[in-house]
Amino acid sequence: MTEVLIVGAGLTGLFASLLVAERGNAVTLVAQGRGGLELSHGCIDIWGRATPSRALSRLRKSHPYRLAGTAALHAALEFFEEITQQAEYPFPGSISRNLHLPTALGAIHPTALAPQSLAQGDLFDGTPFTLAGIDNLRDFYPQLAASNLRRAGIAVQSVLDLPIPLDDTRHDFYTSDLAHLFDKSNWREEVARVWKPQLIGIKRLGLPAVLGLRDPQHVLEDLQERLGLTLFEIPTLPPSLPGLRLEVILRRRALNTGVHFIEGPRVVGRIDGRSDGRRVSGVVLQTVGGPRVHTADVVILATGGILNGGLVFQQDGRVQESVFDLPVNYDQGRGYWTTTSPLDSQPYSGYGLLVNDLMQPLDAKGAPIFENLYVAGGLLGGADRTMEGSRQGIDLATAYRAVEVALG
Amino acid sequence: MPVLSTQLLVIGGGSTGLGVAWDACLRGLKVVLVEQGDLGQGTSGRYHGLLHSGGRYVISDPTSACDCAVENRVLRQIVPHTIEDTGGLFLATPTDPIDFPDRWFAACQELGVSAEEITTAEALRLEPALNPRISRVFRVQDGSLDSFDLLHTLTAEIKRAGGQVWLRHRVEKLILNGNTIVAAEIRALDTDELLTIGADFFVNATGPWAGQVASLADIKVPIALGKGSMVAMATRPIHTVINRCRPSSDGDIIVPVGTVAVLGTTDVEVQQPTDTTIEPWEVDFLLAQGEILVPQLAYQRPLRAWAGVRPLYRPTTGELGETRELPRSQIILDHADRDGLQGLISVFSGKLTIFRLMAEQVMDLVCKQMNIAAVCHTAETPLTMTSRSFYKLPDRLAKLEVTTSHDLPQVVCECELVTRLAIEEALRFASTLDLDEVRRELRLGMGPCQAGFCAFRAAGIAHELAPTAPASGGLTPFLEERWRGMVPLGWGHTLRQMELTRRIYLELLQTHSLPEPTK
């Protein structure tokens with residue numbers, strides 16, 4: 001049995017840990033923080049700019065998709081669908097045709113797989129829809145979303161504001177406040193009673209994503225039945241409920257399948273002195289009680305890019321990998337990293353580690369640095385995930401490939 | 001082409017121009033002020049926030065020092081709601097010239113600039129975050145002054161007195177009759193219409209644009225442009241203005257303003273008034289200098305950087321790059337006297353602290369030339385909004401906390417505690433959907449997340465108030481403006497914050513795929 005250590009608890013790290021556990025291996029997941037799922041829309045973007053299955057074969061060879069390979073992507077998606085099916089939070093969609101979902105701003109989000117409550121908002125579905133805001137929720141403005149959708153030529157039947165049937169008159173709600181309320185069946189009953197008279201003649205209704213956190217599929221089906229229409233959700237500002245739900249599902253399964261979690265300490269890589277530096281022996285955890293060594297046969301780095309701490313951009317113009325100080329592919333000098341508009345592609349987005357098709361980090365000469373260290377997810381360079389619309393697809397495919405190689 | 005006439009046309013809506021217009025109103029003149037952008041978009045809105053005690057100039061520029069000392073007291077009387085009385089300290093560190101503090105202190109006493117030496121122990125008791133290795137400390141009467149509050153107050157006051165303030169109107173031509181300026185041709189930038197304003201007298205108060213405006217009348221104004229960069233830290237480790245007690249140089253001041261501390265400044269000669277690009281070395285330098293005064297700044301997050309362009313006077317053509325050496329005192333050019341052109345005065349250079357005095361001197365000259373006997377009343381006329389107290393974040397928090405749970409207002413900008421109600425009021429008052437205008441009024445989006453969360457909400461609220469306006473037209477420019485201030489600090493936590501903004505606006509909201517706003 002191979003002892004596997006995974007660093008990072010985002011989509012990549014959690015998914016990799018499930019893959020390892022699935023194959024009956026011991027796996028420890030160490031993480032300093034929580035990863036970026038709650039900041040995300042909770043869908044699986046594979047390739048936003050074109051039909052994913054067609055676009056991927058034309059990428060340059062250093063792109064993470066090419067390195068992981070199409071087979072890994074397909075196998076990863078299959079396992080992902082299995083996980084979400086079993087968690088009763090299914091993700092309809094396919095790699096051969098993107099869904100087109102409305103965002104809270106009324107822009108169009110092309111994505112391959114989405115949780116059912118989001119997928120039901122596909123803009124090319126043909127069923128007319130109404131958008132509704134919820135009074136006193138600060139993160140959803142249905143008029144704005146509808147105006148922008150209409151500007152793009154998409155028909156929005158009507159726009160509504162729905163009340164919150166609460167006795168006290170709070171004026172300020174976050175999506176997570178409402179999600180906890182929607183988890184309760186007596187709350188849904190009351191909501192349906194108050195809302196139903198306002199929804200006459202509406203077949204499909206779009207709401208901000210607030211329909212439950214613990215058992216969202218049940219909340220969706222229950223509320224649809226009570227209201228007698230199709231509901232869809234639109235993800236809002238972080239904390240984004242669909243992202244949180246996915247995190248809950250992956251963590252729940254990880255705990256149930258015996259993944260050992262160590263969360264909180266900073267992690268520093270440790271090299272095996274007996275192997276002439278060709279192998280890593282594990283990591284050192286900077287715990288409150290002092291440094292603690294954790295050894296493993298295989299280490300998978302899934303620490304993410306700049307946002308999650310895998311890459312550290314320094315004032316002196318250098319970019320460092322935070323655990324093993326692995327070489328990073330980047331332009332030296334702060335002046336090169338950003339452009340003048342946040343909506344443009346940013347050079348820093350493409351920085352990261354260079355790896356071979358075994359997901360092993362490479363040195364300047366293109367040779368693998370360690371035999372038993374693998375990298376997956378946001379830490380990899382060579383892709384501008386934001387502009388490509390490829391973030392979650394890369395996370396899943398590279399995690400799959402890294403585990404597949406590591407376990408032989 | 002529509003033609004209007006007035007007695008005085010003031011060009012430029014910064015502190016100097018608004019000060020001149022206000023002074024003129026109090027003297028009973030009919031005034032129109034035109035500004036090509038919004039209030040304070042030039043140098044007045046791009047400064048470090050310091051209300052000078054005068055201490056900075058006692059050695060290099062004694063006249064300015066005296067003027068600052070006097071005007072500091074005047075402004076505390078007439079616009080107290082724009083001023084936070086932070087007080088100031090001048091610190092000598094072990095690396096500064098050892099004889100300077102004594103010379104400096106003597107000059108303060110001679111010029112009437114209030115200064116008092118305190119022990120370093122007392123200074124560290126007042127401000128525990130100071131470098132413990134400081135050798136001498138003097139207390140002065142510095143403060144911080146919110147220039148946007150000042151400009152908004154002046155504008156309201158001018159309008160109340162019957163004057164007019166036209167924003168987004170650019171002077172394109174000065175029309176001469178013989179050797180007298182009689183009218184200006186002005187373009188309304190919102191509608192692209194041209195109109196002509198005839199006036200008896202014209203004041204060019206356009207700061208770094210003074211040379212360009214004067215050239216419309218074929219006059220050369222010897223102006224040098226000194227770009228000064230500043231960095232705001234995300235926290236406020238000191239609550240007193242901290243000055244370095246040494247000859248004036250780059251990076252010698254920290255001003256606590258609102259929720260941040262501003263590190264100032266550099267001085268680099270530039271060619272254009274709009275040339276406010278910040279070089280990486282400027283930021284590195286300011287941070288390094290700031291750490292000498294307050295060591296813990298090394299561990300704090302820089303929030304935002306910006307640069308203003310000082311309009312300085314350089315009568316002879318000197319070498320480039322020496323703008324630090326040029327005097328900071330106000331320059332008033334009487335073009336009748338100097339160029340034989342009647343009806344135009346240019347005013348520039350000076351400091352925001354002495355804007356009222358500059359206006360008084362300009363209007364004395366204008367009245368003399370127009371044969372008007374009116375005298376200045378600005379020094380003893382408090383502005384009407386003085387009943388309002390200086391804005392502080394804790395005051396907003398206290399207000400939110402006393403509200404009962406039955407009436408909890410919706411907080412749209414968590415960093416600066418801006419409520420939905422306040423935004424709605426500001427949008428109605430400003431009769432604009434420009435979120436940047438709302439920002440200047442309410443500090444929306446000026447906290448640690450730099451509008452990452454509130455920009456979307458504010459765009460949603462603005463759209464509800466004006467559903468016919470182009471949807472989210474104001475969102476992109478607002479995000480881009482906030483981004484520009486972070487780019488020079490794009491490393492470490494600030495770059496992570498920038499990436500979070502991109503995750504939200506590009507991946508979650510897909511802002512970049514919206515159709516172009518239609519006009």
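Compared with the dominant principal axis of the Cα atoms in chain A, helix A:185-195 is inclined by about 50°. Across the options B:Leu417, B:Leu287, B:Leu506, the greatest Cα extent toward the positive end of the charge dipole of the protein assembly as shown (unit charges at beta carbon of Lys, Arg, Asp, Glu) belongs to B:Leu506. Summarising the overall dimensions of region B:18-168 from its C-alpha atoms, the Rg and Dmax are 18.9, 57 angstrom. Excluding same-chain neighbours fewer than eight residues apart, the aspartates and glutamates reachable from A:Lys184 by a Cα-Cα span under 16 Å are A:Asp215, A:Glu221, A:Asp222, A:Glu225. If R0 is taken as 35 Å, the Cβ-Cβ distance between B:Ala106 and B:Glu414 corresponds to a FRET efficiency of 0.10. With the cut-off at under 12 Å, measuring from each backbone N in region A:71-97 to a point 7 Å along the Cα-to-Cβ line of A:Asn256 picks out A:83-89.
Remark on region A:312-333: accessible area falls by at least 20 square angstrom from chain-alone to full-complex state for A:Phe313, A:Gln315, probe 1.4 angstrom. When chain A is treated as a Gaussian network with alpha carbon springs shorter than 10 Å, the biggest mean-square fluctuation among A:Val219, A:Val299, A:Val312 belongs to A:Val312.
Quick one: Debye curve from the C-alpha atoms of chain A, no solvent, what's log10 I(q)/I(0) at q = 0.13, 0.14 Å⁻¹? With no solvent term, the Cα-only Debye profile gives -1.09, -1.22.
For region A:318-329, in order, what is each residue's ³J(HN,Hα) by Karplus, 6.51 cos²θ - 1.76 cosθ + 1.60 with θ = phi - 60°, in whole Hz (x at glycine and Pro)? After applying 6.51 cos²θ - 1.76 cosθ + 1.60, I find 9, 10, 10, 7, 7, 9, 10, 6, 6, x, 10, 8 Hz. Using a Gaussian network model of chain A in which every pair of alpha carbons under 10 angstrom is joined by a spring, one finds that among A:Pro102, A:Pro347, A:Pro239 the greatest mean-square fluctuation is at A:Pro347.
Measuring with a 1.4 Å probe in the full set of protein chains, what accessible area per residue, in whole Å², belongs to the protein assembly as shown?
Ligands and nucleic acids excluded, the result is 38 Å² per residue.
The trypsin sites (Lys or Arg not before Pro) of region A:228-282 that DSSP puts in a loop, and whose beta carbon has at most 16 other beta carbons within 10 Å, are A:Arg278. Give me the Debye-computed log₁₀ of I(q)/I(0) at q = 0.05, 0.09 Å⁻¹ for chain B, equal point scatterers on Cα only, no solvent, two decimals. Here the Debye-derived log intensity ratios amount to -0.20, -0.67. Relative contact order, whole percent, for chain A stands at 23, derived from Cα pairs under 8 Å and 6 or more residues apart. Which percentage, to the nearest 5, of the DSSP beta bridges contained in chain A is antiparallel? In chain A, approximately 45 percent of DSSP beta bridges are antiparallel ones. For the residues A:Asp297, A:Asp357, A:Asp344, a GNM of chain A with alpha-carbon springs under 10 Å puts the largest fluctuation on A:Asp344. Which log10 I(q)/I(0) values, to two decimals, does region A:104-234 give at q = 0.11, 0.14, 0.17, 0.19 Å⁻¹ under the Debye formula with one point per Cα? After summing over all Cα pairs, the log10 values are -0.35, -0.59, -0.89, -1.13. May I ask you to derive the FRET efficiency for A:Asn186 and B:Lys220 from their Cβ-Cβ distance with R0 = 56 Å, giving the value to the nearest 0.05? Using R0 = 56 Å, I get an efficiency of 0.10. Do any trypsin sites (Lys or Arg not before Pro) in region B:1-91 lie in a loop, going by DSSP, with at most 12 other beta-carbon atoms within 10 Å of their beta carbon, and if so which? Sparse-neighbourhood loop trypsin sites (Lys or Arg not before Pro): none present.
Grab the beta carbon distance between A:Gln286 and B:Ile118, set R0 = 60 Å, and tell me the FRET efficiency rounded to 0.05. Result of the calculation: an efficiency of 0.90. Counted residue by residue at 0.36 nm each, then reduced by the alpha carbon distance between them, the extension gain from B:Lys399 to B:Leu189 reaches 71.6 nm. Label zone (B:Ala379, point 7 Å along Cα-to-C-beta; backbone nitrogen cut-off 14 Å) within region B:73-113: B:73-78. Listed by number, the DSSP H helices of chain B that run 18 Å or longer by alpha-carbon position along their axis and have mean Kyte hydropathy of at least -1.0 are B:62-78, B:147-160, B:280-293, B:355-370.
Run lengths n ≥ 4 of DSSP H only: what is the helix-derived mean residue ellipticity at 222 nm for chain B, with -39500 (n - 2.57) per run over all residues, to the nearest 500?
-10000 deg cm²/dmol
Annotation for B:Glu480 and B:Ser5: the two label points, set 7 Å from Cα along the Cα-Cβ direction, are 4.3 nm apart. Roughly how tilted is helix A:391-406, in degrees to the nearest 10 and between 0 and 90, from the longest Cα axis of chain A? Orientation of helix A:391-406: about 40 degrees from the principal axis.
Each residue of region A:260-267 was assigned a 3J(HN,Hα) from its phi angle through the Karplus expression (A = 6.51, B = -1.76, C = 1.60, θ = phi - 60°), giving 8, 9, 10, 10, x, x, 6, 10 Hz with x at Gly and Pro. With both labels modelled 7 Å from their Cα along Cα-to-Cβ, the B:Gln271 to B:Ala288 distance reads 2.8 nm. Considering only GluC sites (Glu not before Pro) in DSSP loops that have at most 16 other Cβ atoms within 10 Å, the longest stretch of chain A without any of them is A:89-370. Amide H contacts of B:Ser329: B:Gly350, each under 5 Å away and 5 or more positions distant or on a separate chain (H built 1.01 Å from N in the peptide plane; Pro and chain starts excluded).
Which translational diffusion coefficient, to the nearest whole µm²/s, is obtained for the protein assembly as shown from the Stokes-Einstein equation, given a Kirkwood hydrodynamic radius over C-alpha pairs, 25 °C and 0.890 mPa s?
Using the Kirkwood radius from Cα pairs, D works out to 80 µm²/s.
Charge dipole of chain B (Cα centre as origin; +1 on each Lys and Arg Cβ, -1 on each Asp and Glu Cβ, all else neutral): 540 debye, rounded to the nearest 20. Modelled spin labels at B:Ser60 and A:Lys196, positioned 7 Å past Cα toward Cβ, are 7.6 nm from each other.
Starting from the Cα-Cα distance between A:Leu166 and A:Ala364, subtract it from 0.36 nm times their residue separation and give me the gain in nm to one decimal.
The A:Leu166-A:Ala364 span can extend by a further 65.1 nm.
For region A:207-325, with all protein chains in place and a probe radius of 1.4 Å, 47% of the accessible heavy-atom surface sits on carbon or sulfur.
Rounded to the nearest 500, what is the 222 nm mean residue ellipticity of chain A from helices alone, with -39500 (n - 2.57) per DSSP H run of 4+ residues and division by all residues?
Value at 222 nm, helices only, nearest 500: -8500 deg cm²/dmol.
A straight chain from A:Ser341 to A:Thr2 at 0.36 nm per residue would run longer than the Cα-Cα distance by 117.3 nm.
The values are calculated or read from the model by the stated rules, or taken from the named source; none is laboratory data. Since the structure is predicted, the reported quantities are computational estimates derived from the model, not experimental observations. Reconstructed Cβ throughout: ideal geometry from the backbone, glycine too, with neighbour counts over all protein chains shown. For the accessible areas, the whole protein counts, side chains as well, though only heavy atoms, and no ligand, DNA or RNA atoms are used. Shrake-Rupley method; radii C 1.70, N 1.55, O 1.52, S 1.80 Å.
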